[in-house]
Amino acid sequence: MGKIMTGAQMVVEALKREGVEVIFGYPGGAIIDIYDELYKTDSIHHVLVRHEQGAAHAADGFARSTGKIGVALATSGPGATNTVTGIATAYMDSIPIVVLTGQVPTKLIGNDAFQEVDTTGITRPITKHNFLVKRVEDLPRVLKAAFYIARTGRPGPVLVDLPKDVQQAKAEFDYPEEIRLRSYNPTYEPHIKQIEKAYQLLEKAERPVLLIGGGVIASGASSEVLELAERLNLPVIMTLMGLGGFPGDHEQSLGMPGMHGTYYANMAIANCDVLLAVGARFDDRVTGRVDAFAPYAKIIHIDIDPTSIQKNVKVDVPIVGDCKRALARLLEVVKEAGKNKKYFKERFKEWWEQIDIWKRRYPLSYKYDPNVIKPQFVIEKLYELTQGNAIICTEVGQNQMWTAQFYKFKYPRTLITSGGLGTMGFGFPAAIGAQMGNPGKLVIDIAGDGSIQMNIQELATAMDQRLPIKIIILNNGYLGMVRQWQELFYERRYSAVKFATIPDFVKIAEAYGAVGLRITKPEEVEPTLKQILTIDKLVILDVIIAPEEGVFPMVPAGKATTEMILV
Amino acid sequence: MSERKCTLSVLVENTPGALARIAGLFSGRGFNIDSLCVAETLDPTLSHLTLVTRGDDQIIEQIIKQLRRLIDVYKVVDVTEEGDYVEREMALIKVRAEKENREEIFRICEIFRLKIVDVTPRTYIIEVTGDKDKLEAVIELLQPMGIKEIVRTGTIAMKREKKNI
């Protein structure tokens, strides 16, 4: 029989059983009992953040970069509401995190007690599932279920709300080894008939495209993607969430599609006759105007979540299952069919010639300027210096898109970015989580002067933990993406996109005990980047860039992806 | 694509919040709920929900998939899909029943086999059970008598033969 424990002890014990070594949190009255237990244990490292949003993003960054579950801890009321943006961010990108929140004692729930909010009510639409634990006896099972649900199927955030009296009450701790939920049975194994149908289409294709999304990263399917792409000679396009799922420097890579995708990726999709989408959900930023998306293509869609299929585009061969397993099955079918590499090389030769024409016509480019730093130049140099061997976090906006375009992500889990929700202020706390999960690795946050100010308080957290994160601020003095829209679609009415006060980021770095540097000239870029990569300390590099540089190509919202504005 | 009515039979875990999740799913994703009926099943850990919604085939497919995606949802069956099902709704109708119209109300009750379940000197409460068409026909006929109040249950439905859930 299990040991008698308090609820708070159960929580800490469950975290240990789940292999959790790092958690991110902020204490408060309704979670103090768990903090008291954390005080007594050495096996869980608690990272004290400066704002609960930072804790949720850090747990998220930890999860994205390691593939393990990230855990955040917050108190009731404002503690819980502060995690909401972080939870929604993880939800939109299917990231497994477990958020534990304190709650007022059960007898006060519903009384508008001090620091009470309906946390499970607020987070219901932004969690994969959530629990309010009303009896301490239920706690072991609920905790087990929380981790199980977060990690399995299409992963996602799970929140467990823990009333203070439940944390204090005692019961037997019997932690289940395994759990089965009768109402939750994700489909991993794909239907083999569907896989065969998919292969039939691919074999008969003349202009195929392989589109990969975040599901490839989540299921660890990048080696299968590479094998399939090389065997069938497929052009590979990666959504923002799929970057790194296939080597960006591979000759078959066409980069990213969609609103700020490459010309050739969008043209390839618009002209392909078979589109194999793996773990991508056809977000509007990818499809543009839906009826003009891949109009000539038969679409094969592999996804673990049935709701993703047929949601935004019509699919000809739906395949519900784990991306890795589905691709492995598909490879078996490919091998059985016996057509070799040479066959596909020959078969798609013309298609590749067409793609190469598109590539030559409009490569990703920008105008170099010797007098002012172009942001694309910074990202290019950073790629040259790191060769893809870094974990790159981004904020949201132009900084994110330039990074996605000009940094060639080679490995999965090296781009940490808020894709679905587009959360400004995500990158830096996520970098903290990523660095905690990858102590030896180089972790870089590419930021804008707007985004970095949204969670700049976490500098203190990073300094506490002695994390040598490199923050590169592409400082154009604008909320650049909105400015770009205003420039292009609102006749340059720059409404509320210029901050009257921009702090001195070098002094901010110094105030926190970090290293602060600023560059303003193109010739400083390379040597300074080299320099910061050797500093074993947190660095803020403030890069003053061309203020009105835009992100191109650009597909205006609601337009077909072939209607690109090119530089 | 044309819109159709769809009656879903949904079995959900009998946990607090399960109904809120379903209602939230419909409001959050812009789906319609025409009616909703919830009650216990023989298994006290499961609740049964009958939900009437509408949409084109793609929307209905999404609704069903989204419901199945909820962790608490055990089973979803589209009762209307194969066409062979029984559907019932009940209404209580409080109608003005005075000297001059009592006879007429009685006649209507007889024709439709309705039950009068409460009588006061000035009102009757009439119980109607049947499909939507019957309820609407009764309401239309009682309207001129002076309906004071109507309460309807919403639809419950069951597939015929063995494909019940």
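Readers should treat all values here as calculations from the given coordinates under stated rules, not as data from a laboratory. Predicted, not measured: the structure shown is a model, and the values here were computed from it. Virtual Cβ from ideal backbone geometry, glycine too; neighbours counted across all protein chains shown.
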Expressed in angstrom and rounded, the centroid-to-centroid distance over alpha carbons for region B:55-100 and region B:34-54 is 9
Residues whose built amide H sits under 5 Å from the amide H of B:Thr123, excluding neighbours closer than 5 in sequence, are B:Ala97
Per GNM of chain B with C-alpha springs under 10 angstrom, the most fluctuating residue out of B:Gly130, B:Gly30, B:Gly55 is B:Gly30
Taking Lys and Arg as +1 and Asp and Glu as -1, residues besides A:Asn438 with C-beta under 12 Å from its C-beta add up to +4
Restricting to lysines and to Cα separations under 22 Å from B:Lys132, and discarding same-chain partners fewer than 8 apart, the set is B:Lys5, B:Lys94, B:Lys115, B:Lys148, B:Lys159
Rounded to whole angstrom, the alpha-carbon centroid of region A:226-245 lies from that of region A:439-482 at a distance of 30
Between the Cα axis of helix B:57-69 and the main Cα principal axis of chain B, the angle (0 to 90°, nearest 10) is 70
The rounded separation in angstrom of the Cα centers of region A:252-283 and region A:488-567 is 27
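Sum up the charges of everything whose Cβ sits under 14 Å from the Cβ of A:Phe489, counting Lys and Arg as +1 and Asp and Glu as -1, but leave A:Phe489 out.
With Lys, Arg at +1 and Asp, Glu at -1, the net is +1.
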The lysines whose Cα lies under 29 Å from the Cα of A:Lys3, excluding any fewer than 8 residues away in the same chain, are A:Lys16, A:Lys40, A:Lys68, A:Lys107, A:Lys134, A:Lys144, A:Lys164, A:Lys170
Residues whose built amide H sits under 5 Å from the amide H of A:Val47, excluding neighbours closer than 5 in sequence, are A:Ile23, A:Phe24, A:Gly25
Restricted to region A:3-173, the DSSP antiparallel beta bridge percent, nearest 5, is 15
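Would you order A:Val99, A:Val166 from fewest to most other beta-carbon atoms within 10 Å of each residue's own beta-carbon?
Numbers: A:Val99 32, A:Val166 27.
The most exposed by this proxy come first: A:Val166, A:Val99.
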Phi angles of region A:296-310, converted by Karplus (6.51 cos²θ - 1.76 cosθ + 1.60, θ = phi - 60°) into ³J(HN,Hα) in whole Hz with x for Gly and Pro, give 9, 9, 7, 10, 9, 10, 9, 7, 7, 9, x, 5, 6, 8, 6
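In chain A, what percentage of the DSSP-assigned beta bridges are antiparallel, given to the nearest 5? List each step's numbers first, then the result.
Numbers: 6 of 68 bridges.
Close to 10 percent.
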For chain A, shape from the Cα gyration tensor axes a ≥ b ≥ c, cut at a/c of 1.5 then a/b versus b/c, turns out oblate
Within 10 Å of the Cβ of an average residue in B:62-72, the count of other chain Cβ atoms is 5
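Could you work out the relative contact order of chain B? I mean the mean sequence separation of Cα pairs under 8 Å and 6+ apart, divided by the number of residues, in percent. List each step's numbers first, then the result.
Numbers: 297 pairs, mean separation 44.8, N = 165.
Rounded, it is 27 percent for chain B.
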Interchain or sequence-distant (5+) residues whose placed amide H lies within less than 5 Å of the amide H of A:Lys410 are A:Gly248
Applied in sequence order to region B:28-41, the curve 6.51 cos²θ - 1.76 cosθ + 1.60 (Karplus, θ = phi - 60°) yields integer Hz couplings, x standing for Gly and Pro, of x, 9, x, 8, 9, 10, 7, 7, 8, 10, 10, 7, 5, 10
Computed over chain B: longest principal axis from alpha-carbon atoms vs helix B:132-146 long axis, angle to nearest 10 degrees, is 30
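Take every Cα pair under 8 Å in chain A that's 6+ residues apart, average their separations, divide by the length, and report that relative contact order as a whole percent. Spell out each step's value before the answer.
Details: 1306 pairs, mean separation 81.3, N = 567.
Answer for chain A is 14 percent.
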Put in order of increasing Cβ neighbours within 10 Å, starting from the fewest, B:Arg122, B:Arg68, A:Arg329, A:Arg64 give B:Arg122, B:Arg68, A:Arg329, A:Arg64
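Roughly what % of DSSP beta bridges within region A:428-567 run antiparallel, to the nearest 5?
Numbers: 1 of 17 bridges.
In region A:428-567, approximately 5 percent of DSSP beta bridges are antiparallel ones.
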Lys and Arg at +1, Asp and Glu at -1: neighbours of A:Leu566 with Cβ under 14 Å from its Cβ sum to +4
Exposure proxy check on A:His57, A:His46: fewest-to-most Cβ neighbours within 10 Å is A:His46, A:His57
Calc'd 3J(HN,Hα), region A:37-43, phi into Karplus 6.51 cos²θ - 1.76 cosθ + 1.60 (θ = phi - 60°), Hz, glycine/Pro = x, comes to 6, 4, 4, 8, 10, 9, 8
Percent relative contact order for region A:3-173, counting Cα pairs under 8 Å at least six residues apart, stands at 28
Taking a straight Cα-to-Cα line shorter than 28 Å from A:Lys367, and setting aside same-chain lysines fewer than 8 residues away, one finds A:Lys359, A:Lys381, A:Lys408, A:Lys410, A:Lys470, A:Lys498, A:Lys521, A:Lys530, A:Lys559
